[in-house]
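The values are calculated or read from the model by the stated rules, or taken from the named source; none is laboratory data. Everything numeric here is computed off the predicted structure, so don't read it as measured data. Note: ideal-geometry Cβ built from the backbone for every residue, glycine included; neighbour counts use all protein chains shown. For the accessible areas, the whole protein counts, side chains as well, though only heavy atoms, and no ligand, DNA or RNA atoms are used. Shrake-Rupley method; radii C 1.70, N 1.55, O 1.52, S 1.80 Å.
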Amino acid sequence: MSPSQPKIEVKHLAKRFGEKQVLADVSFSVAPAESLCIIGTSGCGKSVTLKSILGLITPDSGSIRVDGVETLHQSRAEREEMLQKFGMTFQFGALFDSLTIWENITFRLRQKTALSKAQAQEQAAEIIQTLGLDARVIHQYPAELSGGMQKLVALARAI
């Protein structure tokens, strides 16, 4: 990837559901280390755009490139590799209420690697401290945390 190449590039994205045109000629790019916020009214296509980028929805037309690589019509293995570059949080956190904070934060990582319990807890504590929380919260459950702390834990899991 060259320094001038966008991290994410969306060109002429279109998606309709039945008679409802949700996306029409949506284009934008995100440079490396740049942040982009997609805002708008309910039903204007924010989630459809993001789901298209992540491959959860297939757009009707257009192009989506990540690090210069076209992502539409990738194989499952190629998509899995591309998704390693993304972290995602949900509007209400979507934490697993039956798992501790450290288990929530390291959930995907433990599915993909042979991380020991001690290593996972250490990594979760490091991330949670980076976000300004006390490392001791990793042993608590989501219901024991405030709403704001739960959002930080969801962010820690995305990281």
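Here is a check on your reading of the model: is Ile38 in contact with a helix residue (DSSP H, G or I) (Cβ under 7 Å, 6 or more places away or on another chain) and part of a loop (DSSP other than H, G, I, E, B)? Yes; evaluated as a whole, the condition is true for this residue. Scanning region 143-159 for residues that are open to solvent by less than 50 Å² (accessible area, probe 1.4 Å) and modelled with pLDDT of 90 or more yields nothing.
Matching residues to (1) at pLDDT 90 or above; (2) assigned to a loop (DSSP other than H, G, I, E, B); (3) in contact with a helix residue (DSSP H, G or I) (Cβ under 7 Å, 6 or more places away or on another chain):
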{"site": "Leu56", "(1), (2), (3)": "no, yes, no"}
{"site": "Ile64", "(1), (2), (3)": "yes, no, yes"}
{"site": "Arg79", "(1), (2), (3)": "no, no, no"}
{"site": "Arg110", "(1), (2), (3)": "no, no, yes"}
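Condition test on Arg157, is it in a helix (DSSP H, G or I) and closer than 19 Å to Ala94 by Cβ? Against the criterion (in a helix (DSSP H, G or I) and closer than 19 Å to Ala94 by Cβ), Arg157 qualifies. Could we say that Phe96 is under 22 Å from Ile38 (Cα atoms), aromatic (Phe, Trp, Tyr) and not in a helix (DSSP H, G or I) here? So Phe96 does not fit the description; no.
With respect to the stated conditions, Lys85 is of a type in the set (Lys, Arg) and assigned to a loop (DSSP other than H, G, I, E, B). The residues of region 127-142 that are hydrophobic (A, V, I, L, M, F, W, C), in contact (Cβ under 8 Å) with a residue 24 or more places away in the chain, open to solvent by less than 30 Å² (accessible area, probe 1.4 Å) and touching a Leu at 6+ places or on another chain (Cβ under 8 Å), listed by number, are Ile128, Val137.
Quick one: in region 46-83, which of the residues that are over 17 Å from the mean Cα position of the chain (by Cα) and in contact (Cβ under 8 Å) with a residue 24 or more places away in the chain is most open to solvent (accessible area, probe 1.4 Å)? Within region 46-83, the match that is most open to solvent (accessible area, probe 1.4 Å) is Asp60.
Scanning region 1-33 for residues that are open to solvent by 90 Å² or more (accessible area, probe 1.4 Å) and assigned to a strand (DSSP E or B) yields Lys11, His12, Arg16, Phe17, Lys20, Asp25.
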